[in-house]
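Take a look at the structure below.
The values are calculated or read from the model by the stated rules, or taken from the named source; none is laboratory data. Just so it is clear, the model here is predicted, and its values are computed rather than measured. Every residue, glycine among them, receives a Cβ derived from its backbone with ideal geometry; neighbour counts consider all protein chains shown.
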Protein chains: 2
Amino acid sequence: MNAPVNARGRRANVMIGDPPSMTDLAAEALRGMILRGELAQGERVVENQLTGTLGVSRPPLREALRILQQEGLIEQLPRRGAVVRVLSLHDVYEIVTLRTTLETMAVRLAVPGTDPARLARLREALEIWEANAAAGREDLSTEDSARFHLALVGLAGHSRLEEAYRAIGLQLRMCMQLNRNARAGHESLTDRAARHRRMFERVESADVEAVLAELSDPASLSFVLTYAQDHPPTTAQSQAWLASLSQ
Amino acid sequence: MNAPVNARGRRANVMIGDPPSMTDLAAEALRGMILRGELAQGERVVENQLTGTLGVSRPPLREALRILQQEGLIEQLPRRGAVVRVLSLHDVYEIVTLRTTLETMAVRLAVPGTDPARLARLREALEIWEANAAAGREDLSTEDSARFHLALVGLAGHSRLEEAYRAIGLQLRMCMQLNRNARAGHESLTDRAARHRRMFERVESADVEAVLAELSDPASLSFVLTYAQDHPPTTAQSQAWLASLSQ
DNA sequence: TTACCTAACATTGTCTACAGAAGGCAATGT
DNA sequence: ACATTGCCTTCTGTAGACAATGTTAGGTAA
């Protein structure tokens with residue numbers, strides 16, 4: 001058996017990840033701050049302030065901001081700095097529809113014949129989900145859900161698809177963070193856990209259509225209705241979409 | 001009528017674009033070098049050499065490289081620099097399948113009722129295509145084709161979809177550049193122009209299924225067979241895909 | 001002769017500093 | 001009292017230099 005080959009193209013029996021660069025660390029920290037809501041939508045992101053907070057100098061921080069922009073979490077205005085992206089209902093429409101398309105593509109590619117190693121990743125994500133749900137960790141549910149769905153998409157063995165899905169997933173978490181406190185009345189944690197387990201079992205039994213049916217469960221879109229209360233539709237598309245969801 | 005509002009959020013009767021940053025200029029220049037094949041796949045991209053070539057200092061150049069990485073044109077190896085991405089047949093499989101999914105989604109969203117302004121953009125792209133085809137500018141055909149398809153996707157009014165499609169389109173152009181010289185025997189320039197005009201007319205007549213049928217024309221994938229001659233499939237997926245195309 | 005070690009070189013990662021632009025504020029004139 | 005203009009502060013964009021790491025070539029020993 002071949003020894004694993006790491007990103008450096010070298011064989012290594014003990015795989016040591018590359019030491020993370022300041023850029024990566026800063027990007028990860030910023031992502032967390034945005035997804036946890038510590039940086040609110042529309043809030044200015046001033047470079048010099050963050051250098052103090054994160055203990056990084058400006059060049060790597062600026063590279064991190066570039067990454068966050070590509071991920072759609074911040075918006076950079078030339079010579080006016082960056083702001084945490086403000087997501088309108090039209091943005092939510094875009095995020096949800098694109099996400100559904102990508103996930104559907106992944107399931108169609110992957111589920112017919114699933115690779116065991118990738119399935120193990122999905123199982124692991126499910127177990128984390130269930131453990132945190134059992135512990136009542138409502139605060140981790142969006143993160144855990146994102147991991148599960150990302151692993152689901154990962155089954156397809158399609159790196160570009162997975163990468164696109166990852167970025168969209170971050171933006172979705174950003175919306176859901178905004179509604180975290182307003183989530184009362186929605187689906188319970190245990191219900192959601194059960195839904196994910198059902199989905200996993202249907203993947204195992206290679207029933208493509210059943211998985212897709214599970215994905216289109218309208219319960220997963222209930223947050224949109226809450227979101228729409230504070231963000232009225234500004235485009236015909238998002239308006240029509242909202243109407244179709246409200247039925 | 002409201003005065004136009006530029007990116008700075010200010011109203012202006014005479015709109016002046018923001019002065020491009022060195023980062024943007026460097027990114028655009030690098031994109032061109034890769035898409036024209038001046039930087040070959042696998043070639044190292046050394047920062048200090050490019051600062052001389054482009055007349056930019058390293059910080060903006062590094063930010064440009066981050067952008068190119070997100071677009072999938074280069075690959076950055078920690079502490080070992082960047083190389084122009086090498087695209088295997090599996091990569092081509094990923095690019096083409098994802099592209100088809102995105103374009104299909106766009107057509108389904110857009111064609112039923114098309115916005116006149118967006119249609120004008122598509123018409124303009126078509127006219128550029130036809131003008132360059134009439135002039136025998138084979139060298140511009142990939143660029144013109146990319147513009148047309150991007151405008152087609154733009155009909156949907158879905159910025160994230162368009163952005164994802166744009167990035168995938170760049171990677172596709174990168175593959176096709178590699179096969180530019182080996183294109184003899186494929187579809188002629190005038191045939192391709194005619195195909196694009198047919199597609200435009202079908203969009204105008206709002207016939208979704210006809211547009212999709214046009215998009216799935218196997219002639220547009222003929223380059224893959226050439227590509228496969230030098231890049232044998234390395235994954236089961238790409239192998240199966242290639243077989244399905246060869247029929 | 002070959003394998004390994006070492007040292008010099010090349011290249012990336014990071015920091016500090018400077019220049020230019022944008023926005024706010026105050027002073028002045030109408 | 002209000003608008004306008006000029007200045008000042010703050011922030012971004014860019015450059016250049018330093019430090020740390022990876023690579024490679026040359027030398028030495030087995």
I need the full set of residues from segment B:70-96 which are away from DNA strand D (no atom under 16 Å from the Cβ) and out of contact with any helix residue (DSSP H, G or I) (no Cβ under 9 Å at 6 or more places or on another chain), in order please.
B:86
Among the residues of segment A:200-219, which ones are assigned to a helix (DSSP H, G or I) and touching a Ser or Thr at 6+ places or on another chain (Cβ under 9 Å)?
A:203, A:204, A:212, A:215
Restricting segment A:32-54 to residues that are assigned to a helix (DSSP H, G or I) and in contact with a helix residue (DSSP H, G or I) (Cβ under 7 Å, 6 or more places away or on another chain), the one nearest to DNA strand D (Cβ to nearest atom) turns out to be A:47
Taking segment B:21-77 on its own, how many of its residues are touching a residue at least 60 places away in the same chain (Cβ under 8 Å) and either surrounded by 20 or more Cβ atoms within 10 Å (Cβ to Cβ) or basic (Lys, Arg) (or both)?
6
Matching entry among B:229, B:171 (being part of a helix (DSSP H, G or I), of a type outside the set (Lys, Arg) and in contact (Cβ under 8 Å) with a residue 40 or more places away in the chain)
B:171
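Table: residues versus (1) assigned to a helix (DSSP H, G or I); (2) assigned by TED's automatic domain parsing to the domain that holds residue B:175; (3) farther than 20 Å from residue A:68 by Cα; (4) at pLDDT 95 or above.
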position	(1), (2), (3), (4)
B:9	no, no, yes, no
B:16	no, no, yes, no
B:56	no, no, yes, no
B:61	yes, no, no, yes
B:72	no, no, no, yes
For segment B:199-234, how many residues meet the condition of being aromatic (Phe, Trp, Tyr) and within 18 Å of the chain's Cα centre (by Cα)?
2
Looking only at residues that are on the phi < 0 side of the Ramachandran plot and within 14 Å of chain A (Cβ to nearest Cβ) in segment B:31-55, which one is farthest from DNA strand C (Cβ to nearest atom)?
B:44
Of the conditions (1) crowded, with 19+ Cβ neighbours inside 10 Å; (2) away from chain A (no Cβ under 14 Å), residue B:140 satisfies every one except a single condition; which number is it?
(1)
Going by the structure shown, is residue A:193 farther than 26 Å from residue A:41 by Cα, in a helix (DSSP H, G or I) and either within 14 Å of chain B (Cβ to nearest Cβ) or under 20 Å from the mean Cα position of the chain (by Cα) (or both)?
yes
State yes or no: is residue B:99 more than 12 Å from DNA strand D (Cβ to nearest atom), of a type in the set (Lys, Arg), at the interface with another protein chain (Cβ under 9 Å from one of its Cβ atoms) and not in a loop (DSSP other than H, G, I, E, B)?
no
Touching a Ser or Thr at 6+ places or on another chain (Cβ under 9 Å) and either of a type in the set (Phe, Trp, Tyr) or not in a strand (DSSP E or B) (or both): does that describe residue A:86?
no
Output the number of residues of segment A:110-136 satisfying the condition of being over 20 Å from the mean Cα position of the chain (by Cα) and surrounded by 16 or more Cβ atoms within 10 Å (Cβ to Cβ).
2
Under the condition of being in contact (Cβ under 8 Å) with a residue 60 or more places away in the chain and not charged (D, E, K, R), which residue from segment B:78-96 is nearest to the other protein chains (Cβ to nearest Cβ)?
B:95
Restricting to segment A:150-180, name every residue that is more than 14 Å from every other protein chain (Cβ to nearest Cβ) and under 24 Å from residue A:39 (Cβ atoms).
A:150, A:173, A:176, A:177, A:178, A:179, A:180
